[in-house]
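Enquirer: What follows is a structure written as structure tokens; I'll ask about it next.
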Amino acid sequence: MKQTEKKGTIQDINGPIVTIKLPGVQNGEQVRIGSLGLYGEVISLEGEEALAQIYESTEMVRPGEPAEGLGHPLSVELGPGLIGGIFDGVQRPLEEMFLKAGDQIPRGLSPLPLDREKLWRFVPSETLEPNMPIIGGARLGVVQETETVEHRIIVPPDIEGELIELAPEGDYNLEETIGQVRDRRGQVRHLKLYHRWPVRKPRPYQSRDNGVEPLITGQRILDTFFPLLKGSKCAVPGPFGAGKTVVQHQVARWANADIVIYVGCGERGNELVDVLDSFPKLKDPYTDRPLMDRTLLIANTSNMPVVAREASIYVGITIAEYYRDQGYDVVMLADSTSRWAEALREVSGRLGQMPVEEGYPAYLASRLAAFYERAGRVETMDCGKGSITLIGAVSPPGGDFSEPVTSHTKEIIQTFWALSKELADARHYPAIDWVDSFSADVGTAAEWWHESIDRGWEKRRAQALGMLARDAELSRIVNLVGPEALSSAQRWVLEGATLIKEGVLQQSALDPVDTFSSPEKQFMLLDLILSVYDEGAALIELGVPVQELAEMPVLARLRRCKELYDSSQTDQLKAFRNEALKDFKEIHSEYAQRGEQTA
Amino acid sequence: MSAKEYRTASAARGGLLTVADVPNIAFGDRVRIRDQQGNTRNGQVIRSSNEEVLVQVFEGTAELDLESTWVRFLDEPVEIALSPEILGRVFNGLGEPRDYRPPIVSNLRRSISAAAFNPAARTYPKEFIQTGVSTIDGLNSLVRGQKLPIFSASGLPHNRLAAQIVRQAKLPDDDSRFSVVFAAMGVSYSDARFFQEEFASSGVLGNVVMFVNMADDPPVERLTLPRMALTAAEYLAFDLDRHVLVVMTDMTHYAEALREVATAKGDVPARKGYPGYLYSDLAEIYERSGRIKDRHGSITLVPVLSMPSDDITHPIPDLTGYITEGQIVLSRELNNQGIYPPVHISPSLSRLMKDGIGKDFTREDHPHVSNQLYALYARALETRNLASIIGADELSARDRRYLEFADAFESRFVRQGEDEDRSIEETLNLAWDLLSAFPPQALTRVNETEIAKYHRQSE
Ligand SMILES: Nc1ncnc2c1ncn2[C@@H]1O[C@H](COP(=O)(O)OP(=O)(O)O)[C@@H](O)[C@H]1O
Ligand SMILES: [Mg+2]
């Protein structure tokens, strides 16, 4: 298909929204405008005039300057070289832009996302032979993209036909042909190590599948209390400073995923620098390779043009789908989806569309749902399994969860990690509220925990949540009539709940040991603390004063266990457990004897 | 500069002037307007088509008469002239002198709406700045290149605190070149004079650039003022290698001016009448702070804002908190008790503290001590609450200890003199004085080594 060149002129400039006279341009088509050649996208058509949203600042652009249609919608390049990189909201490579153009992002500059010169060692699939029928998504071969990631080169989803030729093993750059396919119309298509795909069009798969195992994040309150399945959708709402970004960074660091895509959408520049600085130095606990070897960043920081912010999450999710199609478990983090919704609001406001709630357009809910729908676990075109787990931060104005973005998101997702300002103010981190949070996947997660870790998981989890609920109730009573009103057993519940909060729920992202907790360690800590509680409760039955129990030195140590023993030191943790429980046994026999004497 | 003047103004509403039939005018172009008295006003193009151009008039459109209004388009963006001579000078929101001295003459002119910093060009801010204020240094440390606002409210001593920070801020063992950029929007004469006298008496005046817009100056000028100030700051930091501390007050007046213009333009309001783009607009300002690879200078930003009706969830503090790297929140309650600086630590936060403190930066116990104080104070406030319901006498001995801690913490740690410049060492030792009121096993945020070393009972 030969694209006819479309040329026109600018009519009107209203911030990022520009009216152009460009006959024949299509809705959604990419345009370049003005003498600088700023990039943008057509968002509506009326007669010969088109409205375009521009990804860059339109300062000093004037009516009468030229505009041209590029003949394709906003697309991304998909191929080796993505991992480890940082791209802006329309996939421009930021490292390269920095080297080429300096500290600030210049306008009209658009280097190609992927390096064209670099050679990649391509190893063709052995099962493929000429004249075989081949479909979109089929694997042509592999390229080692980073030491961790084997990049599976697949046929673009929109090509199907008969394989004519496949290149032998060798070094190829991205523009060299590595295979030829005769498509259904008889045309010969040259396949390369990369292809392009429009970001607003979900990539196809065979069928959807249920999630089967939890994503392990190494964060106790997440994995143990509000588990998230691979392929699930999750929201992390919270007021500023409550810990959304830290939760997202922790998941990006420690989740047992193959690929992590982190989209900084309208947030701070320094938070991306933090990832860029720290990830290459941190090791993936599963592969022992630098974390950056499986991570990719998309950055549209809060000060970058707002229209590219709207695009950024689509760029992220399309890249996520591409790795899913290779059979990987991908985690995509979007910090923050509220900024994306605001970008939508801003554009709709400039178009004069009718706002429905808090200035948001009527289509907010459906756009959100359609975006989250791109997550999931699927059977790929190639009959493999791949998944995208999507975790979106939500930044409700004033921390009010009833606002439109939070409430619409809540209806779409399966797991909800609600952050609380009160907990954060008390420096209880992660400030995840165990009352407001939920997971619809506890049942499936329980199967995994019971199989792989311990059969007692679901019971212990329920016991802990029950105690936290009792704690809240009893604290209310204390606040009405004072602590004297409580029985010894009730006061021990308060102590037990404090142990759970301090020894299990609180987890410092900054502590080198505590930052990651393996599932084994998570369960051992929980089980230990609940065993101590149970022992104590039995002693109170025997008449041991709660004060004596609360002051046992072993409790102070128990609170510190999480940072004293790392995930590999389960033996030491077991030894401590025996010691701790022995202390209780001793008191037990002491009191039991006394009981017998008085009897 | 185009010489052509147009007399085709067709509408004037709020701060906006519509001019008809002017072809090919650039979006963002700077505009000069002559009114019937021959006075000049300044403006900027905020929408442009060949039929109609919309101009935002900084001085407002009051008393304009469409017939005799002459409009000239200067064919340049709003710019500021830069040279080392800006130090020691005072400008208005348009970059014109307001100290009765001649304008800056320089070939170097920069547009005040700079392109965004490439995140790949930034370096992570890590250098601890000692402000000498315990609640900041000990619990919410400021680092070079950070943006850390003060959330205040009317009648609270935010200006005094900002001035104390300017006076005392230093890097331990470092005396590199340091400048202050002061941006005042909609401030009263007494506030402006307070800062001027402060800078003069502490001898930094020659290192300060001031941009001032008074309460009775045109509000629209408040929109360009912070951008003028930051363009000057960027020049000082990244051209002249200086460490620049930018103090901006009061961001609430800035946001109100933005709302005024947005309303006049008919923009769709989001919350409390503020336009939906208030977040992005504030971010364009705040994100200009930071550190850049291979540059020696830095921009540290301390914006001051007053929370309307003391409400931290109001859009202005709320959106600010979502952008800045923490916040220092002042409390009316502490202020009423005569505690200066009345820093309410619970909602205060420094997000960049984690990488700027500890072993190689301040002292190894600093992160844990800070955490421990926070945890104890949170518990102590709960206990105080309980005591107010059931009476302090009903409290257990353990709870009474928390109550005493709350008082000691506020009166000894939070409270300090306006001229009291505590070293970080002093702040941390003071913290241990307070922590030592608790038995070691009650302190679970500090580790056993730290307890052995600093807890008074273990001595
Ligand atoms: N798990 C954690 N461990 C230690 N500190 C945390 C943790 N979670 C949050 N914090 C602290 O809270 C601050 C704010 O967290 P952040 O994720 O940036 O908040 P948000 O994104 O919700 O505004 C961080 O800078 C850090 O100091
Ligand atoms: Mg955040």
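The values are calculated or read from the model by the stated rules, or taken from the named source; none is laboratory data. Quick caveat: nothing in here was measured; it's all calculated off a predicted structure. Don't worry about glycine lacking a Cβ; one is built from the backbone with ideal geometry, like all the others, and counts go over all protein chains shown. These area figures cover heavy atoms from the full protein model, side chains too; ligands, DNA and RNA do not enter into them. Shrake-Rupley method; radii C 1.70, N 1.55, O 1.52, S 1.80 Å.
Enquirer: Where does chain B land on Rg(C-alpha)/(2.2 N^0.38 Å)?
Expert: In units of the globular-protein estimate, chain B measures up at 1.10.
Enquirer: Something else: I'd like the accessible area for B:HIS455: 1.4 Å probe, protein heavy atoms, all chains in place, Å² to the nearest 10.
Expert: Only protein atoms counted, so the area is about 0 Å².
Enquirer: Between helix A:553-564 and chain A, what is the angle of the helix's C-alpha long axis to the longest principal axis, kept within 0 to 90° and rounded to the nearest 10?
Expert: 20 degrees
Enquirer: Calculate, in nm to one decimal, what A:ARG200 and A:GLN569 gain on full extension: separation in residues at 0.36 nm each, minus their alpha carbon distance.
Expert: 128.1 nm
Enquirer: Also, I was wondering about something else. What is the ratio of the Cα radius of gyration of the stretch A:115-193 to 2.2 N^0.38 Å, where N is its residue count, to two decimals?
Expert: With N residues counted in the stretch A:115-193, Rg over 2.2 N^0.38 Å equals 1.05.
Enquirer: Separation of the stretch B:438-458 and the stretch A:309-327 by C-alpha centroid, Å?
Expert: Going from one Cα centre to the other spans 49 Å.
Enquirer: Starting from the amide H of A:LEU229, placed 1.01 Å from N in the peptide plane, find each other amide H under 5 Å away whose residue is 5 or more places distant or on another chain.
Expert: Excluding prolines and chain starts, which carry no amide H, the hits are A:LEU215.
Enquirer: Set the Förster radius R0 to 41 Å, insert the Cβ-Cβ distance between B:ALA215 and A:SER475 as r into 1/(1 + (r/R0)^6), and round the FRET efficiency to 0.05.
Expert: For B:ALA215 and A:SER475, the calculated efficiency is 0.30.
Enquirer: Same structure, new question: In the stretch B:26-117, which GluC sites (Glu not before Pro) fall in coil by DSSP and have 11 or fewer other Cβ atoms within 10 Å?
Expert: B:GLU63
Enquirer: Follow-up question, since we're still on this one. Going from most exposed to least, what order do A:LEU465, A:LEU419 have by accessible area with a 1.4 Å probe?
Expert: Solvent-accessible surface, decreasing: A:LEU465, A:LEU419.
Enquirer: Ordering B:ARG412, B:ARG288 by accessible area with a probe of 1.4 Å, largest first, what comes out?
Expert: Greatest to least solvent exposure: B:ARG412, B:ARG288.
Enquirer: Over all distinct alpha-carbon pairs, what is the Kirkwood Rh of the stretch B:322-439 in angstrom?
Expert: Kirkwood radius, the stretch B:322-439: 15.5 Å.
Enquirer: Something else: Run the Debye formula on the Cα coordinates of the protein assembly as shown, all scatterers equal and no solvent, and tell me log10 I(q)/I(0) at q = 0.06, 0.07, 0.10 1/Å.
Expert: For the requested q values the scattering log ratios are -0.50, -0.68, -1.30.
Enquirer: Compute the Kirkwood hydrodynamic radius of the stretch B:345-404, taking the inverse of the mean of 1/r over all pairs of distinct Cα atoms, and give it in Å to one decimal.
Expert: For the stretch B:345-404, the Kirkwood estimate is 13.2 Å.
Enquirer: Any idea of the accessible area per residue across chain A, 1.4 Å probe, to the nearest Å²?
Expert: Value returned for chain A: 38 Å² of accessible area per residue.
Enquirer: Among all the lysines, which ones have a C-alpha under 16 Å from A:LYS582's C-alpha, if same-chain residues fewer than 8 places away are not counted?
Expert: A:LYS574
Enquirer: In whole percent, and with a 1.4 Å probe on the protein chains, what portion of the accessible area of the stretch A:331-478 is carbon and sulfur?
Expert: Ligands and nucleic acids excluded, carbon and sulfur reach 52 percent.
Enquirer: Can you list the HN-Hα couplings for the stretch A:170-181, worked out from phi with the Karplus curve (6.51, -1.76, 1.60; θ = phi - 60°), rounded to whole Hz and with x for Gly and Pro?
Expert: x, 8, 9, 8, 5, 8, 6, 6, 10, x, 10, 10
Enquirer: Right, here's the next one. I'd like the accessible area for A:LYS385, computed on protein heavy atoms only with a 1.4 Å probe and all protein chains in place. Round to 10 Å², please.
Expert: That residue has around 90 Å² of solvent-accessible surface.
Enquirer: Return the residues of the stretch A:419-441 for which accessible area with all protein chains present is lower than in the chain on its own by 20 Å² or more; set the probe to 1.4 Å and exclude ligands, DNA and RNA.
Expert: A:LYS421, A:ASP425, A:ALA426, A:ARG427
Enquirer: Pairs to check: A:LYS283/A:LYS501; B:LYS147/B:LYS359; A:LYS459/A:LYS585; A:LYS281/B:LYS126; B:LYS170/B:LYS359; A:LYS283/B:LYS359. Give those whose C-alpha atoms are more than 26 Å from each other in this structure.
Expert: Those over the limit are A:LYS283/A:LYS501.
Enquirer: Quick one: ranking A:LYS192, A:LYS283, A:LYS459 by accessible area, 1.4 Å probe, largest first, what do you get?
Expert: A:LYS459, A:LYS283, A:LYS192
Enquirer: Fully extended, how many nm does the chain gain between B:ASP360 and B:ALA392 (0.36 nm per residue separation, minus their Cα-Cα distance)?
Expert: Separation in residues times 0.36 nm, less the Cα-Cα distance, equals 7.2 nm.
Enquirer: With a point put 7 Å past each Cα toward its Cβ, work out how far A:LYS283 is from B:GLU76 in nm, to one decimal.
Expert: 5.9 nm
Enquirer: Cα-based Rg of the stretch A:182-272 per 2.2 N^0.38 Å, rounded to two decimals?
Expert: 1.53
Enquirer: Between the stretch B:281-340 and the stretch A:415-432, what is the C-alpha centre distance in whole Å?
Expert: 21 Å
Enquirer: Excluding ligands, DNA and RNA, what is the accessible area buried between chains A and B, summed over both sides, using a 1.4 Å probe, to the nearest 100 Å²?
Expert: 6400 Å²
Enquirer: Check the straight Cα-Cα distances from A:LYS6 and name the lysines below 18 Å, setting aside those fewer than 8 residues away within the same chain.
Expert: A:LYS21
Enquirer: Would you jot down the residues in the stretch A:347-362 that end up with at least 10 Å² less accessible area in the complete protein assembly than in the chain alone, with a 1.4 Å probe?
Expert: Residues passing the criterion (a loss of at least 10 Å², heavy atoms only) are A:GLY349, A:ARG350, A:PRO355, A:GLU358, A:GLY359.
Enquirer: Further question: Are there residues in the stretch B:265-285 whose accessible area shrinks by at least 50 Å² when all protein chains are included rather than the chain by itself, and which are they (probe 1.4 Å, ligands and nucleic acids not counted)?
Expert: Residues passing the criterion (a loss of at least 50 Å², heavy atoms only) are B:VAL268, B:ARG271, B:TYR279.
Enquirer: On to the next question. Measuring from label point to label point, each 7 Å out along Cα→Cβ, what is the A:THR127 to B:ARG384 span in nm?
Expert: 6.9 nm
Enquirer: Could you work out what % of the accessible surface of chain B is carbon and sulfur, using a 1.4 angstrom probe and leaving DNA, RNA and ligands out of the count?
Expert: Accessible surface attributable to carbon and sulfur in chain B totals 47 percent.
Enquirer: Enter the Cα centre distance for the pair the stretch B:1-80 and the stretch A:253-282, rounded to the nearest angstrom.
Expert: Between the Cα centres of the stretch B:1-80 and the stretch A:253-282 lies a distance of 46 Å.
Enquirer: Moving on to the next point. With a 1.4 Å probe and all protein chains kept in place, how much accessible area does B:THR362 have, in Å² rounded to the nearest 10?
Expert: Ignoring ligands and nucleic acids, B:THR362 comes out at about 30 Å².
Enquirer: Running Debye on chain A with equal point scatterers at the Cα sites and no solvent, what base-10 log of I(q)/I(0) appears at q = 0.10 Å⁻¹?
Expert: Results for chain A at q = 0.10 Å⁻¹ read -0.92.
Enquirer: If R0 is 25 Å, what FRET efficiency do you get for B:ASP65 and B:ASN24 from their C-beta distance, rounded to 0.05?
Expert: Efficiency at R0 = 25 Å is approximately 0.40.
Enquirer: Further question on the same structure: Using Cα-only point scatterers and the Debye equation, what is log10 of I(q)/I(0) for the stretch A:207-439 at each q in 0.07, 0.11, 0.13 Å⁻¹, rounded to two decimals?
Expert: -0.21, -0.52, -0.74
Enquirer: Measure off 7 Å from each Cα along the Cα-to-Cβ vector at A:ARG367 and B:ALA264, then give the distance between these two points in nanometres to one decimal.
Expert: Going by the 7 Å Cα→Cβ label model, 2.9 nm.
Enquirer: Could you pull the Rg and Dmax for the stretch B:5-73, using just the Cα atoms, both in Å?
Expert: 10.3, 29
Enquirer: If you don't mind, another one. When the helices in the protein assembly as shown are scored as -39500 (n - 2.57) per DSSP H run of 4 or longer and the sum is shared across all residues, what 222 nm value do you end up with, to the nearest 500 deg cm²/dmol?
Expert: -10000 deg cm²/dmol
Enquirer: Further, regarding this structure: With viscosity set to 1.002 mPa s and temperature to 20 °C, compute the Stokes-Einstein D of the stretch A:6-73, Rh being the Kirkwood radius across alpha carbon pairs; µm²/s, no decimals.
Expert: Reported coefficient: 194 µm²/s.
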